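Step one of this worksheet: look at the structure below.
The values are calculated or read from the model by the stated rules, or taken from the named source; none is laboratory data. As the structure is a prediction and not an experimental result, all values here were calculated from the model. Positions of Cβ are backbone-derived with ideal geometry, glycine not excepted, and every protein chain shown enters the neighbour counts.
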Amino acid sequence: MRHFTSVQDLPNLKEALSVAFDVKKNPFAHQHLGKNKTMVMIFFNSSLRTRLSTQKAAMNLGMNTMVLDVNAGAWKLETERGVIMDGDKPEHLLEAIPVIGSYADVIGVRAFAGLTDKKTDYEEKIINQFIQYSGVPVVSMEAATRHPLQSFADLVTIEEHKTKEKPKVVLTWAPHPRALPQAVANSFVEWMRETEYELVVTHPKGYELAPEFMGSVIPEYDQMKAFEGADFIYAKNWSAYNDYGQILSKDMSWCVSERQMAVTDNAKFMHCLPVRRNMIVSDEVIESKNSIVIQEAANRVVSCQAVLKMILEKI
Ligand code: CP
């Protein structure tokens, strides 16, 4: 594997899962792979889990890490070609990328959707430019339309907690005060569709995800019906894809509470974090014994380490 931006980049999902469980059991067994290698992590957006788990994963593999917050301490970057650069952005991404590439053996990039121009976001312009111009492997630390390290960690977590061969996994929209990208939801659906699980996606009308991610999955607009008999509830907010980037509902009845969890089959509760309590999920549910959000976040080290191991083996 050269780059990692989606589940499609993995040579084989089952093998990738086996690598993940191996690195979880033996986190320091492959330190020779990263010796004298540097991972540069570029953040266009904020992060807690991705920043720390990616660094931890790289260090477990013997790599050095360097972190750059583009919007704090670096030159502001122009991302469009053809712009007369007489404004507040003194450096162009097209110079910055190969320069960063000259310092790195692997680059991690976080660049969220702008949510104003669907075409630009869904073309994944920024991460694709890193792939095209850096000369080194690129790992998505959440791009405009996908968050594959998160989805891989989610899959590892479900595999660890499932009590049935084919659990019912429900992705539910939940309210949020601000417009958020569709990346986590897109990615979760994309990864779950690669498994044998029963996948149900529930959201209010208007929040349909892009057809390229949903495939043959039909949304269930009745949240209570979707939750019936569920083994895993994965909550997430996203803004509308069709009315691009818009907030169409703040219906608080979609906040996951004990009312909805009562109709599940003792479901585990999942969320990628950060989560707004009593918007997305009630205090009682996130603090319950069925909440596995911390284990899920811990598995971000595992998914990233598996990905980096597979990349380092090919450098
Ligand atoms: N889940 C996740 O990506 O968290 P951060 O935004 O804190 O990195």
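Brief remarks follow.
- Test result for GLU198, of a type in the set (Asp, Glu), within 16 Å of the ligand (Cβ to nearest atom) and modelled with pLDDT of 95 or more: no
- Boolean, VAL138 is on the phi < 0 side of the Ramachandran plot, among the β-branched types (Val, Ile, Thr) and in the same structural domain as ALA20 (by TED's automatic domain parsing): yes
- Subset tally (residues that are assigned to a strand (DSSP E or B), of a type in the set (Val, Ile, Thr) and without any contact (Cβ under 8 Å) to a residue 60 or more places away in the chain) for the range 159-216: 3
- Among (1) in contact with a helix residue (DSSP H, G or I) (Cβ under 6 Å, 6 or more places away or on another chain); (2) of a type in the set (Gly, Ala, Ser); (3) within 16 Å of LEU171 (Cα to Cα), the one test that ALA297 misses: (3)
- Only one of the numbered conditions (1) touching a helix residue (DSSP H, G or I) at 6+ places or on another chain (Cβ under 7 Å); (2) touching a residue at least 60 places away in the same chain (Cβ under 8 Å); (3) in the same structural domain as GLU160 (by TED's automatic domain parsing) is not met by SER249, and that is (1).
- Filtered by the rule that a residue be surrounded by fewer than 24 Cβ atoms within 10 Å (Cβ to Cβ) and not in a loop (DSSP other than H, G, I, E, B), the range 128-154 gives ASN128, GLN129, ILE131, GLN132, TYR133.
- Within the range 109-125, the residues that satisfy the criterion of being more than 16 Å from the ligand (Cβ to nearest atom) and either in a helix (DSSP H, G or I) or within 13 Å of the chain's Cα centre (by Cα) (or both) are LYS118, LYS119, THR120, ASP121, TYR122, LYS125.
- Within the range 100-129, tally of residues that are touching a residue at least 60 places away in the same chain (Cβ under 8 Å) and within 27 Å of GLU313 (Cβ to Cβ): 13
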